[in-house]
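Engineer: Before I ask anything, let me first share the structure, which is written out below as structure tokens.
The values are calculated or read from the model by the stated rules, or taken from the named source; none is laboratory data. A quick note: this is a predicted structure, and the numbers were derived from the prediction, not measured. Here the Cβ positions follow ideal geometry from the backbone for every residue, glycine too, while neighbour counts run over all protein chains shown.
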Amino acid sequence: MSIAAAGIDERVAAAPAPLVRPKAHGETLIRAVFVTYVAILVVVPIAALMWEGLSGGPSVIWTAIRAPVAVHALMLSLGTSAIAGVLNGVFGTMIAWVLVRYEVPGKRLISALVDLPFAIPTLVAGILLVALYGPQTWVGRTLGAAGISVAYARPGIVLALLFVTLPFVVRAVEPVLLELDAAEEEAAMMLGAGPLRTLVSIVLPPLVPAIAAGSLQVFSRSIAEFGSIAAVSGNIPFRTLTAPVQILGDVEGGDPSSAAALSLVLLAVALVLQPLAIALSRATGARRE
Amino acid sequence: MNRVLVVAPRRPGQVAVLGVVLTWLAIILVIPLGALTFTVVARPGDTIRTLLTPDALFALGQSITIAAIALVVNGVLGVVGALVLVRQRFRGRRVLDALVDMPLALSPVMTGLAFLLLFGRNGILGPTLEALDVRIAFAFPSLLIATLFVSLPFTVREVALVLEELGTSEEESAATLGASSLQTFFLVTMPNIRNGLSLGATLTVARALGEFGAVLVVGGAIAGATQTATTYIYVAMEERQVAGAYGMAMILATAAAGLLVLLQKRRREV
Amino acid sequence: MGIRVSHLAKSFGAVKVVDDVSFEVRPGELVALLGPSGGGKSTILRIIAGLEPADRGEVWLDGARVDHVHARDRQVGFVFQHYALFRHMTVAQNVAFGLRVQGVSRDRQAKRVADLLGLMGLRGLDDRYPSQLSGGQRQRVALARALAPEPKLLLLDEPFGAVDAKVREELRRWLRRLHDEVHTTSIFVTHDQEEAFAVSDRMMIIRQGQLEQAGSPLDILDHPATEFVARFVGDVNVLDGVMDRGRARMGPLAVDVDGPCDGSPVRVVIRGYDLAFWRDDEAGVARVSRVIPLGDRMRVEAVLDGGTLIFGQFPRHSSQLVGVQAGSRIAIRVKHARAWPLAADTADSAAVGA
């Protein structure tokens, strides 16, 4: 029967399916709304930043970041961030261990404490440290007498970073610990392994990518940290001045190009670390069934 | 299907780990908190007096307003964004995904600088804005925009996580039962993402209230005009107004504690 | 290794999971702990392994009491229900683990691993990871791993529960062949009676923490000690009736049984193959509802006048079944049955089949 001679049903069935489903209009609309929002809110300012930073050409960037103050600030940022990464890597893993594998009263309180840095303004975190270690406090004076300065010195910066980045490793390791199967550890035990060997051979290997991913997050976050350091470090150039604070100084000093140049360096570091972080978090899920 | 080996710590090694953890938390978090609380509580009169000044109240009010607006705007758009990123397939989706995470990678001062470069007097849009007699930099709008920027990712991420876990089968069932997109969204999707949304909303508010670097740069911390609670503290510290600074810090810390309680509740429900 | 457990008891909270269980396993035997899920079988196994402490009772391995000996020192191999393979180690590393712990030289490790992989049909899979293996392969790796350090006792906890039916059959044959070659004393836990019957030398029926009966598969089948064992094992009809002159009478049916005195109510257990059905349009006592072909057997389901359901199991081409189809009237003769005094047990219902 030819199409022309067929009834209406056959003709509709024979026609190609419409390319635009009625529902798709709504989808396109909300996509357009969101994309516009992100374009205006995120893309435009970052573009402005990159424009300013690159507008003077590479020589401006080079000069800006070669300035001794800037070099020191960058080194200080990287150094303190690395220390925070290692320390929170170790202690964060231990905290996750206690939260997942120990039966202790008050675990909820510990879990809440771990989340505190997510809830509290970074500036306030810095203020807390000043309230504890400032030169006018009992603690500050006692330590000062022993030759240790915390506030307005580098230890203060590290403590601030440790506060602000405390949750990252914990929350990265916790889900992996929860995925471990007691049966694997029991199997190792049945095969004669002692608790230490079970820990090293069976428990730790799956944790390593998670710990690394968390520590990397700590590192990235620490490089960008501003509020707590602004409060506790005293912002002394060549001593306690970190890169973000240096950027602030440039802005307040009416030198937006240097500020933008240094910003681009930090941005570049962040962008380099990003794929590394993604690769690590994928490795966390890799060998699981 | 898996069991987790949970024990009461009795062996010396286990007790040691517990001890180390508690000591670490004490040194890093608890004792500093205690120090502030102690200092503020020891001089209540001074603190209350400085906090009741118009400047302080204005700064606090401004922070709350900004946080409220950020909550609504980024809350709604966060849900929209999550739907777009998780349920749709289109060219550039990965780019959009990465862009949403950008605010997390930037240091707050860089954010402030970027907006200053846009809206400042010598900025890209500076002359245009002057001609239109619109003040953004060093005025309320810039504070709001900067806060929206930094708090963008939270709701999107939390809701996206939940959407991914849920899968599309419920929405597909609704479609086969004749529901329109809007009906499906409000009757099926919304109830399911409620927990993710609350969690995201809590984090959004926390981030908004806590924003400091960007609003400092782009607002200038002008008393009675562009000060937020955080920049108030900063200025107060610079001017050695310790009572005011500590007092406001205490308020923010208490608000954080409240948000924390909400966070814990939400985490356990998710 | 011979095993003896004596008066084992264990409760979790208020629940008595193991309730005074005692039995012996002779060296070289392959024994099944069979029973419904949740009956305590796995707990008994774990107590023998040392993974759980018993509240009361003793475990003797090879004539020595081991209650205070830690699981890792008991030289017992354990195969877990979901394999518990070390997910980040290769097959070879998994199998070698027990040897590594013992400090065996690398060469000897490699040789033993190669031997076992060959024995289990896993040659060539040395460098694969568990996530890259099929369920059947994983289970064989778990077996190889448990056997590598030459344990004196092998314990298997529902080893074939997590695989498909076809793979399960294959694995059962593996296990039996393996046992015939290696002769390690073995105990395995299962709720699948076909498995227990197919693989074991002897079975222990465990229910609600208690040992109902221990014996060879044939013993259990032909001489069930309790009503539970009779009903649990095999496919059975359960009918209520009354004793009458040495026979149990259930409506139109009657059969000679060793039962209580005349007039007592009894519960009668009749195996599907202990019935004879044949077509009888006039004097039939039941109407056929379904005829189900099951490979080499036929299952005929019928309803007695009076409403009770009954079924029989026959060879596929049995001459008895000529003319028998859905709707036919049939006569029934009970060839053999067991009877127990009717308990006021509300948990047991007089329904057909197991």
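Engineer: Residues to consider are B:217, B:261; find the one that is within 13 Å of chain A (Cβ to nearest Cβ) and buried (at least 16 other Cβ atoms within 10 Å of the Cβ).
Structural biologist: Criteria check complete, one pass: B:217.
Engineer: Polar (S, T, N, Q), modelled with pLDDT of 95 or more and not assigned by TED's automatic domain parsing to the domain that holds residue B:36 - does that describe any residue in the stretch B:203-223?
Structural biologist: Within the stretch B:203-223, one or more residues are polar (S, T, N, Q), modelled with pLDDT of 95 or more and not assigned by TED's automatic domain parsing to the domain that holds residue B:36.
Engineer: Filter the stretch C:273-303 for residues that are of a type in the set (Gly, Ala, Ser) and over 13 Å from residue C:318 (Cβ atoms) and give the result. Don't jump to the end; show me each part of the working.
Structural biologist: Residues of the stretch C:273-303 of a type in the set (Gly, Ala, Ser): C:276, C:283-284, C:286, C:289, C:295, C:302.
Within the stretch C:273-303, C:283, C:284, C:286, C:289, C:295, C:302 qualify.
Engineer: Here's another thing I want to ask about it. What number of residues within the stretch A:143-166 are more than 8 Å from every other protein chain (Cβ to nearest Cβ) and aromatic (Phe, Trp, Tyr)?
Structural biologist: 1
Engineer: Count, please, the residues in the stretch B:189-226 that happen to be in contact (Cβ under 8 Å) with a residue 12 or more places away in the chain and of a type in the set (Lys, Arg).
Structural biologist: Matching residues across the stretch B:189-226 total 1.
Engineer: Of everything in the stretch A:90-125, what is more than 7 Å from every other protein chain (Cβ to nearest Cβ), at negative phi and not in a helix (DSSP H, G or I)? Give them in sequence order.
Structural biologist: Passing the criteria: only A:105.
Engineer: Sticking with this one: Does residue A:151 meet the test of being touching a residue at least 40 places away in the same chain (Cβ under 8 Å) and within 17 Å of the chain's Cα centre (by Cα)?
Structural biologist: No.
Engineer: Same structure again: For the stretch A:1-83, please list each of the helices (runs of 4 or more DSSP H) lying entirely inside it that holds at least 2 residues being at pLDDT 75 or above.
Structural biologist: By residue number, A:24-38, A:44-55, A:58-66.
Engineer: Would you mind finding the one in A:98, A:43, A:69 that is within 18 Å of residue B:109 (Cα to Cα) and either among the aromatic types (Phe, Trp, Tyr) or in contact with a Pro (Cβ under 9 Å, 6 or more places away or on another chain) (or both)?
Structural biologist: A:69
Engineer: If you go through the stretch C:40-63 one residue at a time, do you hit one that is away from chain A (no Cβ under 14 Å), crowded, with 21+ Cβ neighbours inside 10 Å, more than 25 Å from residue B:5 (Cβ to Cβ) and within 23 Å of the chain's Cα centre (by Cα)?
Structural biologist: no
Engineer: Keeping to the stretch C:257-271, report how many residues are in contact (Cβ under 8 Å) with a residue 60 or more places away in the chain, more than 8 Å from residue C:338 (Cα to Cα) and among the hydrophobic types (A, V, I, L, M, F, W, C).
Structural biologist: Number satisfying all stated conditions: 1.
Engineer: Follow-up. For the stretch C:118-147, give me each residue that is among the hydrophobic types (A, V, I, L, M, F, W, C) and farther than 15 Å from residue C:83 by Cβ.
Structural biologist: C:119, the sole residue that qualifies.
Engineer: Give the stretch B:220-236 a look and list any residue that's surrounded by fewer than 21 Cβ atoms within 10 Å (Cβ to Cβ) and either at the interface with chain A (Cβ under 10 Å from one of its Cβ atoms) or of a type in the set (Asp, Glu) (or both), or say none.
Structural biologist: Matches in the stretch B:220-236: B:220 only.
Engineer: Can you find, within the stretch A:172-189, the residue that is nearest to residue C:96 (Cα to Cα) among those that are in a helix (DSSP H, G or I) and within 9 Å of chain C (Cβ to nearest Cβ)?
Structural biologist: Taking the candidates together, the pick is A:188.
Engineer: Now, a different point. Would you mind telling me which numbered condition in (1) β-branched (Val, Ile, Thr); (2) within 12 Å of chain A (Cβ to nearest Cβ); (3) within 30 Å of the chain's Cα centre (by Cα) residue C:91 fails?
Structural biologist: Every condition holds for residue C:91 apart from (2).
Here's the yes/no breakdown for (1) within 16 Å of the chain's Cα centre (by Cα); (2) part of a strand (DSSP E or B); (3) buried (at least 19 other Cβ atoms within 10 Å of the Cβ):
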{"site": "C:195", "(1), (2), (3)": "yes, no, yes"}
{"site": "C:198", "(1), (2), (3)": "yes, no, no"}
{"site": "C:205", "(1), (2), (3)": "yes, yes, yes"}
{"site": "C:218", "(1), (2), (3)": "yes, no, no"}
{"site": "C:231", "(1), (2), (3)": "yes, no, yes"}
{"site": "C:269", "(1), (2), (3)": "no, yes, yes"}
{"site": "C:278", "(1), (2), (3)": "no, yes, no"}
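Engineer: A further question follows. Of all residues in the stretch C:124-171, which are of a type outside the set (Phe, Trp, Tyr), buried (at least 22 other Cβ atoms within 10 Å of the Cβ), in a loop (DSSP other than H, G, I, E, B) and within 26 Å of the chain's Cα centre (by Cα)?
Structural biologist: Correct list: C:151, C:159.
Engineer: State whether one or more residues within the stretch B:244-257 are outside any helix (DSSP H, G or I), within 10 Å of another protein chain (Cβ to nearest Cβ) and either within 13 Å of the chain's Cα centre (by Cα) or surrounded by fewer than 24 Cβ atoms within 10 Å (Cβ to Cβ) (or both).
Structural biologist: Scanning the stretch B:244-257 turns up no residue that is outside any helix (DSSP H, G or I), within 10 Å of another protein chain (Cβ to nearest Cβ) and either within 13 Å of the chain's Cα centre (by Cα) or surrounded by fewer than 24 Cβ atoms within 10 Å (Cβ to Cβ) (or both).
Engineer: Could you tell me which residue of the stretch A:223-242 is nearest to residue A:49 (Cα to Cα), considering only residues that are part of a helix (DSSP H, G or I), facing another protein chain (nearest Cβ under 8 Å) and within 17 Å of the chain's Cα centre (by Cα)?
Structural biologist: Selected residue: A:224.
Engineer: Please identify the pairs in which a residue from the stretch A:127-142 that is at the interface with another protein chain (Cβ under 7 Å from one of its Cβ atoms) and surrounded by 13 or more Cβ atoms within 10 Å (Cβ to Cβ) has its Cβ atom under 8 Å from the Cβ atom of a residue that is of a type outside the set (A, V, I, L, M) and part of a loop (DSSP other than H, G, I, E, B), counting only partners at least 6 apart or on another chain.
Structural biologist: A:131/A:137
Engineer: Moving on to the next point. Just one of A:215, A:220, A:201 is of a type in the set (S, T, N, Q), out of contact with any Gly (no Cβ under 8 Å at 6 or more places or on another chain) and closer than 16 Å to residue A:274 by Cβ; which is it? Show your work before the answer.
Structural biologist: Numbers: A:215 fails: out of contact with any Gly (no Cβ under 8 Å at 6 or more places or on another chain); A:201 fails: closer than 16 Å to residue A:274 by Cβ.
None of the other options fit; the residue is A:220.
Engineer: Can you spot a residue in the stretch C:1-10 that is out of contact with any Phe, Trp or Tyr (no Cβ under 9 Å at 6 or more places or on another chain), more than 10 Å from chain A (Cβ to nearest Cβ) and of a type in the set (Ser, Thr, Tyr)?
Structural biologist: No - not one qualifying residue is present in the stretch C:1-10.
Engineer: Does residue C:287 qualify as being part of a strand (DSSP E or B), basic (Lys, Arg) and within 26 Å of residue C:227 (Cα to Cα)? Steps first, please.
Structural biologist: On the way: part of a strand (DSSP E or B): yes; basic (Lys, Arg): yes; within 26 Å of residue C:227 (Cα to Cα): no.
Here the answer is no, as residue C:287 does not meet what is asked.
Engineer: Next question. Take the conditions surrounded by fewer than 23 Cβ atoms within 10 Å (Cβ to Cβ), within 14 Å of another protein chain (Cβ to nearest Cβ) and either of a type in the set (Lys, Arg) or more than 17 Å from residue A:187 (Cβ to Cβ) (or both) and apply them to residue C:112. Does it pass?
Structural biologist: Here the answer is yes, as residue C:112 does meet what is asked.
Engineer: If a residue has to be small (Gly, Ala, Ser) and without any contact (Cβ under 8 Å) to a residue 40 or more places away in the chain to count, how many in the stretch B:121-152 make the cut?
Structural biologist: Count: 3.
Engineer: Please state which one of A:95, A:65, A:40, A:83 is more than 30 Å from residue A:180 (Cβ to Cβ) and surrounded by 15 or more Cβ atoms within 10 Å (Cβ to Cβ).
Structural biologist: Only one candidate qualifies: A:65.
Engineer: Could you figure out which of (1) more than 22 Å from residue B:3 (Cα to Cα); (2) away from chain A (no Cβ under 13 Å); (3) touching a Leu at 6+ places or on another chain (Cβ under 8 Å) isn't true of residue C:147?
Structural biologist: Residue C:147 satisfies all of (1) more than 22 Å from residue B:3 (Cα to Cα); (2) away from chain A (no Cβ under 13 Å); (3) touching a Leu at 6+ places or on another chain (Cβ under 8 Å) except (2).
Engineer: Given (1) in contact (Cβ under 8 Å) with a residue 12 or more places away in the chain; (2) within 13 Å of chain B (Cβ to nearest Cβ), where does residue A:209 come up short, assuming only one miss?
Structural biologist: The number of the failed condition is (2).
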